[in-house]
Each structure stands twice: as structure tokens, then as C-alpha cells.
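The values are calculated or read from the model by the stated rules, or taken from the named source; none is laboratory data. A quick note: this is a predicted structure, and the numbers were derived from the prediction, not measured. Quick reminder, even Gly has a Cβ in these numbers, built from the backbone with ideal geometry, and neighbours come from all protein chains shown. For accessibility, only protein heavy atoms count, side chains too; no ligands or nucleic acids. Shrake-Rupley method; radii C 1.70, N 1.55, O 1.52, S 1.80 Å.
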Amino acid sequence: MDEYLRSRWRQISPGAGDDLLTGHGGVEAMVALVVQLQRAGFPVSMRDLLRSPTVPLLAGVLRERAVGAAGEYPAFADLWAESTSVWSSPVRTLVPLAAGTGPPLFFVHTGLGQVRFIERVVDHFRRGRPVYGFEAIGLRDRTRPPLSMAEIAGQYIAQMRQVQRHGPYSIGGFCMGSHVAFEMAHRLTEAGEEVAVLALMPSAFSLDAGLNSIRPGIRQRPPGTGLQDLYLERLAYVQLMVGDLDLDAHRSEVLDAFEQTFWLDGVKPEDFFWHAVVAAATAFAQENYDPRPYPGPALVFQTARTASGEAADWSPVAPNARDLVFDEPDSLAIMRTPEFGDAVALP
């Protein structure tokens with residue numbers, strides 16, 4: 001077992017020793033190891049790795065567990081099977097964020113599904129216009145989210161047209177939601193509608209170090225990464241965030257931390273693991289999105305710390321995009337600036 005585990009670890013982190021906390025690749029390597037072991041049938045979690053952080057210690061844990069036994073968390077397949085198809089009833093995830101007059105502004109959620117956080121800054125930029133936000137399908141109920149960017153965009157356009165039948169449209173998006181907004185703009189222009197404002201905010205949070213500041217089409221994971229892998233990956237990252245805290249026993253505390261760090265609100269403790277499924281589904285759609293170049297105008301709002309690097313350059317998919325870089329900690333701070341209000345205002 002020691003050699004089996006050592007071989008897997010060194011494939012992920014070449015040249016690494018037996019210490020699982022100090023290998024090349026850092027946190028991403030640790031998460032990859034846990035997910036690979038779970039895919040191989042070992043019921044281990046990131047908490048096991050944190051408690052047994054060397055190859056011999058973790059090998060001892062593996063020897064004591066039967067392959068295929070139930071793991072520490074609810075199985076993805078069980079949660080998915082207990083949910084409802086997105087096609088079984090009309091989807092209603094568009095929420096009003098501010099009342100007003102004139103053409104509305106529409107914003108698409110982050111990869112974690114939330115969008116209501118912009119209520120706290122909406123009066124800084126809306127200039128009397130109404131504002132709406134799309135929450136992720138499945139965030140407030142057990143509806144399975146669509147698994148393609150095209151399907152998500154189609155669902156959101158259908159809801160948007162119930163509020164505003166025709167353009168010009170003003171659309172924005174955060175993190176993964178910037179990719180959804182991008183695809184929505186494509187579909188609307190192809191249908192002969194005008195998209196007056198396309199505001200893309202690929203790096204939403206102050207703790208982003210570039211991971212979320214990516215244009216559509218950039219792959220972050222190996223080919224063949226599936227929904228279950230992304231669910232397990234999500235839980236592994238959450239476990240690293242809260243250390244040795246038992247995720248199942250301390251759901252409320254973990255969600256409180258998410259509210260403070262990621263602006264997540266309203267997810268019930270009993271839906272904690274389902275929320276990881278929703279996040280996995282949105283990540284799957286993003287990973288498998290093959291964008292076409294968008295010919296229309298676009299605005300890319302980035303923080304100075306996330307605006308550099310090839311992945312942060314939207315010009316290959318949005319050649320007419322204008323980059324606006326701010327020395328601000330996150331997207332909420334950017335949205336408080338007069339420059340943001342000027343940029344998203346209609347002529």
C-alpha cells in the first residue's frame with residue numbers, strides 16, 4: 001500500500017517526498033490525490049490527509065478501509081438521483097435586486113450560485129434603473145442544474161425576456177457567471193437583439209489569486225474530469241478552508257464562513273452537500289464550454305492582482321473587449337466606483 005500511494009503521489013507531484021503537505025503543486029496536488037483515491041474506490045477524505053499527512057500514515061488509513069465502502073460524505077450519485085430534472089417545471093431563479101425605471105441591468109451569479117450580494121452596492125451604479133440577478137438553478141431547491149453553458153444561457157434568457165421582451169440589453173456576470181453572460185450575449189445578438197452593455201467580472205472575490213480570472217475556453221482540470229470528481233474536489237477545498245472541522249457535523253459553521261468569505265447567503269445546513277453538487281455542475285459547464293469569438297463590445301472589469309497572465313486576457317474570445325483594471329480588492333469594491341457606473345450606463 002505504501003508503494004501504491006507513493007506512486008500515485010509522485011505522478012501528481014513529481015520529485016516529492018513522503019510529506020503530503022509540502023509536495024510540488026501545493027494545495028491543488030493534495031486535492032488531486034484525494035480525488036484520485038476516491039475515484040479508485042478508497043473511502044478517504046481531505047480530513048484523512050490532514051490527520052495523516054505522510055505517505056506511510058495515509059497508507060495505514062487506506063489499509064483499514066474497505067474499497068468501495070461508504071465515504072465520509074453523501075455520495076454524489078445519491079444526491080443527484082434524489083433531485084428533480086430542470087425540465088420538469090418552469091425555472092424561476094431571476095430575483096429583483098432594486099426597483100427603478102428604464103431598461104434593467106441583469107447580473108449572473110458566481111460559480112457558487114449566489115448573486116444577492118450586489119444588493120449592498122447596487123445604488124452606487126444603477127442610476128435609477130431596475131436591477132435583477134440570476135441565481136444558480138438548484139441553489140434554493142433540489143433542481144438539477146443544466147450541464148452546458150448553452151442550456152444555462154437559454155434558461156436565463158427565457159426568464160429575462162419575461163421582464164424585458166427585447167433589447168437593448170445590459171448583462172453582467174461574476175466569475176463563472178461572466179462566461180454565462182458572454183454566451184447569453186452571443187445568443188441574443190444571433191437572434192437579432194442588441195446587447196448594449198456586456199459587463200464581465202471574472203475575478204469576484206478579494207482572495208482570488210487568478211484562478212477565477214479566466215476567459216471562456218481555458219481548461220483548469222484534466223480531460224475527462226466528471227461531475228463526481230468536481231463534487232469531491234469542491235468538498236476537499238472546503239475541508240482545507242476549515243481545517244479539521246467535521247463538514248457534516250458543523251454545516252452551519254461552514255456556511256457562516258462561506259457567507260463571510262464568498263458572500264453566500266441563504267443556503268440551509270441541510271442543503272450543504274447539495275450545494276456542493278450545484279457548484280460541481282456549474283464548474284462542469286464552465287470546463288466543457290467551447291466559446292466562439294464574440295464580435296460585439298464588452299467590458300472586462302478586473303482587479304490589479306488578477307489582471308495579468310494569459311488566462312486573464314479575453315481578447316482571443318472578445319476582440320472588441322475593453323479592459324478596465326482597478327486597484328480594488330474585489331468586484332464589490334469596483335462596483336462602488338464612479339467609473340463602473342459610467343461604464344455600465346446606457347448612452
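What is the dipole size for region 1-114, taken about its Cα centre, with +1 at each Lys and Arg Cβ and -1 at each Asp and Glu Cβ, in debye to the nearest 20?
With Lys and Arg at +1 and Asp and Glu at -1, about 140 debye.
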Item to check | Segment Val27-Ala40, extension gain: residue separation times 0.36 nm, minus the distance between their alpha carbons | outcome: 2.7 nm
Checklist outcome for this item: One finds, for Ser7 and Ala81 with R0 = 45 angstrom and r their Cβ-Cβ distance, a FRET efficiency to the nearest 0.05 of 0.85
Item to check | Long-range HN-HN contacts of Ala298 with modeled amide H, under 5 Å | outcome: Ala321, Arg322
Item to check | Sites Ala69 and Ser148 - FRET efficiency at Förster radius 41 Å, r taken between beta-carbons, to 0.05 | outcome: 0.75
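Which value, in debye to the nearest 20, gives the size of the charge dipole of region 236-306 about its Cα centre, when Lys and Arg are +1 and Asp and Glu are -1 at the Cβ?
Numbers: 4 positive and 11 negative charges, 100 e Å.
Here region 236-306 has a charge dipole of around 480 debye.
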Checklist entry - Over the heavy atoms of Arg144, what accessible area does a 1.4 Å probe trace out, to the nearest 10 Å²? => result 60
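Hey, got a sec? Which GluC sites (Glu not before Pro) in region 130-198 land in a DSSP loop and have at most 14 other Cβ atoms within 10 Å? Walk me through the numbers on the way to the answer.
Numbers: sites: Glu135, Glu151, Glu183, Glu190, Glu193, Glu194; in loops: Glu135, Glu193, Glu194.
Filter output for region 130-198: Glu194.
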Next on the checklist: Quick one: the Cα spread of region 288-328 along its three principal axes, in angstroms, biggest first?
Outcome noted: 30, 23, 13
Next on the checklist: Using a 1.4 Å probe on the protein heavy atoms only, what accessible surface does Ile157 show? Give it in Å² to the nearest 10.
Outcome noted: 20
Checklist outcome for this item: Given the candidates Trp9, Leu264, Met241, the one whose Cα lies deepest towards the positive end of the charge dipole of the chain, counting +1 at each Lys or Arg C-beta and -1 at each Asp or Glu C-beta, is Leu264
Checklist outcome for this item: Computed, not fitted: 222 nm per-residue ellipticity of the chain from DSSP H runs ≥ 4 (each -39500 (n - 2.57)), nearest 500, equal to -11500 deg cm²/dmol
Item to check | Normalised contact order of the chain, rounded percent, pairs of Cα under 8 Å and 6 or more residues apart | outcome: 18
Checklist entry - Toward the positive end of the charge dipole of the chain, about the Cα centre and with charges on Cβ (Lys, Arg +1; Asp, Glu -1), which of Val325, Pro104, Pro53 goes farthest? => result Pro104
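Give the percent of DSSP beta bridges with both residues in the chain that are antiparallel, rounded to the nearest 5.
Values: 5 of 28 bridges.
Roughly 20 percent of the DSSP beta bridges within the chain come out antiparallel.
What is the sum of charges around Asp244, taking Lys and Arg as +1, Asp and Glu as -1, for the other residues whose C-beta is under 14 Å from the C-beta of Asp244?
On the way: positive: Arg47, Arg51; negative: Asp48, Glu72, Asp246, Asp248, Glu253.
Net of charged neighbours comes to -3.
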